[in-house]
Number of protein chains: 2
Amino acid sequence: MSAALQAAPAASSAAPGLACCAPLARQPLSAEDAAALARTLKAVADPARLRLLSLVAAHEGGEACVCDLTEPLGLSQPTVSHHLKVLVEAGLLTRDKRGVWAYYALVPGALDSLAGVLTTC
Amino acid sequence: MSAALQAAPAASSAAPGLACCAPLARQPLSAEDAAALARTLKAVADPARLRLLSLVAAHEGGEACVCDLTEPLGLSQPTVSHHLKVLVEAGLLTRDKRGVWAYYALVPGALDSLAGVLTTC
C-alpha cells in the first residue's frame, strides 16, 4: 500500500479494490493505485450500472430491491442481478437479504471517494 | 438533451461525449445520460490512462509531451500515443502541436465535471 492511499473505513471493509487514492492531479499515481482505481471505475463505466446506482440512491429510503429496478431499466431480472453483483463486488453497493428479496443501498462514502480521486481542485 | 444536462462550456466544445449530468444520486439518470457518462468513464477506467492523466496534471506547467511520459509509464511511444488519443477524444486532454512534439494538458473542468456526477453529498 502506497503512502498515497487514504483510509476509508466504511469502504475498505466492504471492498478491497475500492478507489483509495489521493487526487490524481496532485501527484503521479503509482501503478498499483492506478490498477485498483481502474478496477472500480470499470465497474461504474457501464450505462446499466450507472443507472442502477442512480436508481438505488434516488429510491425511497436510499435502498431498493431487484423488484424495484427491472422495470425502470427495461432489463431482465437475471441481467439486473448480474450488474448489482458487480457493483457489490466493487464495494459500491451493500446487499441485505430480507425475506425473499435482497435490498441494495449505496456504500456510504464509496462514490464520494471515487469522485475525490478525480477532483483536481 | 435531457433537462438534467448541465452546460459545461470549456468541456462541451472539446468533447461532445463528456460527462454532463447532474449528480447521479440526486435523480435517476436517463438512458441517454448514462450512455454518455459511461463512455467518458470507460476512457478513464484504464490503469495506463489514469497514470497519464495524473502525470500530465502533475507535470511542470500542467502540460507534458509524449517524450515526458513514455519513461515513467514504461510503455512504448506508440502505446502511450494511443492512450493519449483516447483521452483527447473523450474530452479529458487537450493536444497542442508545437514543433516536433505534441503537448498535452487537462481540459479545464473536465475531470471535475466527471467527479461532480459521482458525488453524492
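Please give the direction-averaged projected area of the C-alpha convex hull for the stretch B:50-89, in square nanometres with one decimal. It would help to have the intermediate numbers written out before the result.
Values: hull surface 10.1 nm².
Taking the Cα atoms of the stretch B:50-89, their convex hull projects to 2.5 nm² on average.
Considering only B:Pro78, B:Ala115, B:Val66, the residue lying farthest towards the positive end of the dipole of the stretch B:59-121 is B:Pro78, judged by Cα position with unit charges set on Cβ. A simple charge model with +1 on the Cβ of Lys and Arg, -1 on the Cβ of Asp and Glu and nothing else charged puts the dipole of the stretch B:21-120 at about 160 debye relative to its Cα centre. Starting from the label point of A:Cys67 at 7 Å along Cα→Cβ, the same points in the other copies fall at 6.6 nm, in ascending order. Here B:Lys85 is the anchor, and the lysines within straight C-alpha reach of less than 30 Å, apart from those fewer than 8 places off in the same chain, are A:Lys42, B:Lys42, B:Lys97.
Spacing of the modelled spin labels on A:Gln77 and B:Lys97, each 7 Å from Cα toward Cβ, amounts to 5.7 nm.
Every read-out reported here was derived from the displayed coordinates using simple, explicitly stated rules and does not represent laboratory data. Not measured: the values here are computed from a predicted model. FYI the Cβ positions are ideal-geometry reconstructions off the backbone, even for glycines, and counts take in every protein chain you see.
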